[in-house]
Each structure stands twice: as C-alpha cells, then as structure tokens.
Amino acid sequence: MKNVFLSTEEKENEISNYPDKNVSIEEDFIKGSRNKKIMECVNKLRDKYRIPILLFYFKDLTYTDISQILDIPVGTVKSRLFQGKILLKKLMEDDYGSY
C-alpha cells in the first residue's frame, strides 16, 4: 500500500512544481525569453566581468566568497560587478533595443 501522507518537505516540493496561477503562459514565456537574452549578453562579456556577475547574481555568492575564489580584493569584485552591469546594459540595448 502506498503511503498517502507526505512529509513537509515533500509537500513543499509538490507545491513548488505547480505553475503559479498568477503568472500567465505569456508572462512565463516573456520571462524565459528575457532570461535567455540576458544570458546571451552575459556570455559576451570579458571573463573579468562575466565571472563575477555569474557568481554574484546566478550563484548568490557574497563579495567575500568571490574575492577568495578569484583571488582578488573585495573592492575589485565590487568594481567589476559595477562595470559589468554597465557593459551588460549597453549590450542589451545594442542587441535588443531599449531594455
């Protein structure tokens, strides 16, 4: 006989697998399309900007963690993130118009 009782973790996993009723298919598509465009532009950045952006925004690492991984000062991490965002915005505008 199959156990019909789910643990709290199993319930949370089941709930998270259901689509958000407040998000339409169109909104989901637009979000996915936007993320794809962002990643295409992120991948065009030089490594010195691309890697900190990926680690900070996509891997949720701290400045300190990134500093240790890349063996650069925390101030350099912050600077590269700042400059990388400026370059990313320019790439997005160049490739996809006003973003």
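Using a Förster distance of 25 Å, how high is the FRET efficiency between D95 and L70, based on the Cβ-Cβ distance and rounded to 0.05? For R0 = 25 Å, the calculated efficiency reads 0.40.
Quick one: divide the alpha-carbon radius of gyration of the range 46-99 by 2.2 N^0.38 Å and tell me what you get.
So the Cα radius of gyration is 1.18 times the expected 2.2 N^0.38 Å.
Using the Cβ-Cβ distance between T62 and I86 with R0 = 30 Å, the FRET efficiency computed as 1/(1 + (r/R0)^6) comes to roughly 0.90.
Modelled spin labels at K44 and E26, positioned 7 Å past Cα toward Cβ, are 2.8 nm from each other.
Highest mean first, the peptides 83-90, 31-38, 71-78 sorted by other C-beta atoms within 10 Å per residue fall in the order 83-90, 71-78, 31-38. For L61, the residues 5 or more places off, or on other chains, whose built amide H falls under 5 Å of its own are F56. Over 18 Å apart at the Cα level, from the set K44/K90; K44/K78; K37/K78; K31/K78; K36/K78, are K44/K78; K37/K78; K31/K78; K36/K78.
Quick note: the coordinates plus some simple rules give every number you see, no bench work behind them. Source: prediction; values computed, not measured. A quick note on method: Cβ atoms are made from the backbone with ideal geometry, for glycine too, and the neighbour counts reach across all protein chains shown.
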